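Visitor: Mind looking over this structure? Questions follow.
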Amino acid sequence: MIGFIRGRVIELNPEGAIVDVSGVGYELLCSSNTLDDCGAGEDVAFHVHTHVREDAIQLFGFSTALEKRLFLSLTKVNGVGPKLALKALSAGPLTNLVRMIEAGDAKGLASLPKVGKKTAEQIILALKGKLAIEEIEGRAGAAARPLGPRDEIVSALVNLGFRLPDVEKAVAELPLDTDLQDGVRRGLQALTGNF
């Protein structure tokens, strides 16, 4: 599975971006929020979700780990697929979407593209009270940027299935100059208690 991609944007379109990574162009489906964070020719890093279907493999790219987490939360809701989740994320700032969910605003959610009343109610039922709105408000909207070694370590450990708060706590205790391989090894030791 591809967890993140770092490279240069070679093409933008209304549905996503193509990122050149060492001569290979990865086509990423992105929300309008993520697309607003980057421009053609810029060096960027995207958090990625690899979606596998019988007839296709699709890569969904996000400028922040937070947007990816919200996307994954939405796709766990009955009746919400990845394309619908991406359209919901594209409807405005992440904080607005989270506020509607937390307020139980089914009418507001139903006004989003491709989200009907029944789906809006399902989203509220599944996610209300489970999203950290303070974290969304504090960290949403960070621009796409090259990942540093610590970001790469966090991304790798989260993609191995560990919870982001646990990972961030473990990585915060690592020396600043820790490289990716050593950081992942030491992070795994801290998270699993194997020293």
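Visitor: Condition first: at pLDDT below 90, farther than 21 Å from ARG6 by Cα and surrounded by fewer than 21 Cβ atoms within 10 Å (Cβ to Cβ). Can you find one or more residues in the stretch 60-75 that meet it?
Guide: Within the stretch 60-75 (the criterion being at pLDDT below 90, farther than 21 Å from ARG6 by Cα and surrounded by fewer than 21 Cβ atoms within 10 Å (Cβ to Cβ)), the answer is no, since none of the residues qualifies.
Visitor: If you check ALA110 against the conditions, is it within 26 Å of VAL154 (Cβ to Cβ) and surrounded by 14 or more Cβ atoms within 10 Å (Cβ to Cβ)?
Guide: When the stated conditions are applied, ALA110 does not pass them.
Visitor: Of all residues in the stretch 157-195, which are touching a Leu at 6+ places or on another chain (Cβ under 8 Å) and aromatic (Phe, Trp, Tyr)?
Guide: Within the stretch 157-195, PHE162 is the sole residue that qualifies.
Visitor: If only one of GLU134, GLU173, GLU121 is surrounded by fewer than 12 Cβ atoms within 10 Å (Cβ to Cβ) and at pLDDT 85 or above, which one is it?
Guide: On inspection, the qualifying residue turns out to be GLU173.
Visitor: Here's something else I'd like to know. Examine the stretch 77-84 for a residue that is without any contact (Cβ under 8 Å) to a residue 24 or more places away in the chain and either hydrophobic (A, V, I, L, M, F, W, C) or in the same structural domain as LEU127 (by TED's automatic domain parsing) (or both), and state whether such a residue exists. Spell out how you get there, then give the answer.
Guide: Going residue by residue through the stretch 77-84, those that are without any contact (Cβ under 8 Å) to a residue 24 or more places away in the chain are 81.
Remaining after also requiring either hydrophobic (A, V, I, L, M, F, W, C) or in the same structural domain as LEU127 (by TED's automatic domain parsing) (or both): 81.
Scanning the stretch 77-84, I find at least one residue that is without any contact (Cβ under 8 Å) to a residue 24 or more places away in the chain and either hydrophobic (A, V, I, L, M, F, W, C) or in the same structural domain as LEU127 (by TED's automatic domain parsing) (or both), so the answer is yes.
Visitor: Within the bounds of the stretch 65-86, is there any residue that is among the β-branched types (Val, Ile, Thr) and closer than 30 Å to VAL24 by Cβ?
Guide: Yes, the stretch 65-86 has at least one match.
The values are calculated or read from the model by the stated rules, or taken from the named source; none is laboratory data. Keep in mind it's a predicted model, so treat the numbers as computed, not measured. Backbone-built Cβ (ideal geometry, glycine too); neighbour counts: all protein chains shown.
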